[in-house]
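The structure appears below as structure tokens.
All of the numbers you see were taken from the coordinates with simple rules; none came from a lab. All of these numbers come straight from a predicted model, not from anything done at the bench. So basically every Cβ, Gly included, is an ideal-geometry build from the backbone, and we count neighbours across all protein chains shown.
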Amino acid sequence: MTTLSTERHEEEAPRASGEEPRPAEAHGAEHEHAHANPVKVWAILCVLLVVSVVGPMAEIRIVTLITAFGIAGVKAYLVAKHFLHLGAERRYIAYALAVSVAFMVLLFAGVAPDVMEHHGRNWKNVAAAKEVERALHEAASDEH
Amino acid sequence: MKPIATTRSATGIPTGRLAVWWLIASEIVIFGGLLASYVMHRIGHAEFGDYAAHTNTWAGALNTLVLLTSSLSAVLAHEAAEKRDGPRAARMLLFTILGGAVFLVVKGFEWTTEIRHGFTITTNMFWSFYYTAAGLHALHVIAGMIAMAFVARGALANRELQRVELVGNYWHFVDIVWIFLFPLLYIAK
């Protein structure tokens, strides 16, 4: 057990009591997949957490984006793969979850242009622009 | 007679587990919509960076560590359940519940400090997002703790051990949501 994926289960562990044995077809994916050592995955997640806190202290925009948000993606992937065992689940579950994520992207794509920008070719969001101006002015005067 | 969720697997997945995946898929839409809205407002409102400077990064980091650790104990509970070791599974679930309690205590201290400094849910849009997102997440933590307490009670008597995995899957999802909330609310300043 020296790496994350060396522990291959030749036989699946006995089913927890109370549940009927799954059909052979359903067992297939789980039968073959490798379980990572959860303690090692946790240790890696802790190291990534430290990096995601320390990285942004450099106050360099690109470093912050990579260390905070890039690493969040990696951490989420590790949890989904090794704790949720998503990779060992039947494929259509991943598709169902992907559809949910697609809805989120659709929402963002549809609404973001009107929220992120405060003016366009034929429109202007006066209230939002004023609020940003007011808040930044207030923050600047607080600093003085 | 056992409930149908533990005996039926017409889709190739036991119905109980399928239901948890279905729950997670719907939760992705809920939290995803909230987080997507936050991101677009964060980009459109430069002042959010100044407001976020008042959040406590160390408290957020500590809570991330607590949730990651509680996820580990949830996985260990699942492993114990697969070995039909109900008492150990129950102990691991109790440890996970303890993690949830620590998370809520830290959040309580954090919110108390922020509210004392005058940052409430009505202060401005950033704080509205902050309390809504973190509050909704905290409600999910509480729900998970309650569900886990019921499952642990059964596990202690070696009953319905398949539920240990199901409640663990829900907990890991709650952990993943926090993994994204942490940089958005505490680090992007």
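Dividing the summed helix terms, -39500 (n - 2.57) for each DSSP H run of n ≥ 4, by the number of residues in chain B produces a 222 nm estimate of -27500 deg cm²/dmol to the nearest 500.
For B:Ile43 and B:Arg84, what is the calculated FRET efficiency with R₀ set at 35 Å and r taken between the beta-carbons, to the nearest 0.05? E(calc), rounded to 0.05, equals 0.10. Each principal axis of region B:1-133 carries a Cα extent, and these read 56, 31, 22 Å when sorted largest first. Would you pull out the residues with amide H under 5 Å of A:His35's amide H, same chain only if 5 or more places away, H placed 1.01 Å from N? The list, which skips near neighbours in sequence, is A:Glu7, A:His9. Across peptide B:179-185, the mean count of Cβ atoms from other chains lying within 10 Å of each residue's own Cβ comes to 6. Can you tally the net charge around B:Thr55? Count Lys and Arg as +1, Asp and Glu as -1, for every other residue whose Cβ sits under 9 Å from the Cβ of B:Thr55. Result for the neighbourhood of B:Thr55: -1.
Sorting the segments B:80-91, A:61-72 by their residues' average number of neighbouring beta-carbon atoms within 10 angstrom, most packed first, yields B:80-91, A:61-72. Fewest-first ordering of A:Leu78, B:Leu94 by other beta carbons within 10 Å of each residue's beta carbon gives B:Leu94, A:Leu78.
For region B:1-155, a crude dipole built from +1 on the beta carbon of Lys and Arg and -1 on the beta carbon of Asp and Glu, taken about the Cα centre, is about 720 debye to the nearest 20.
Distance between the 7 Å Cα→Cβ label points at B:His117 and A:Val47: 3.3 nm. The label point for B:Trp22 and the one for A:Lys40, both projected 7 Å from the Cα toward the Cβ, are 3.7 nm apart.
Rg/Rh for the protein assembly as shown stands at 1.01; both radii use Cα atoms, and Rh follows the Kirkwood definition. Positive end of the dipole of the protein assembly as shown (Cβ unit charges, origin at the Cα centre): among A:Val74, B:Gly144, B:Thr57, the Cα lying farthest that way belongs to B:Gly144.
Of B:Ser71, B:Ser26, B:Ser9, the sequence from fewest to most neighbouring Cβ atoms within 10 angstrom is B:Ser26, B:Ser9, B:Ser71.
Contact order, relative form, for region B:130-183: 42 percent (alpha carbon pairs under 8 Å, 6 or more residues apart, mean separation divided by residue count).
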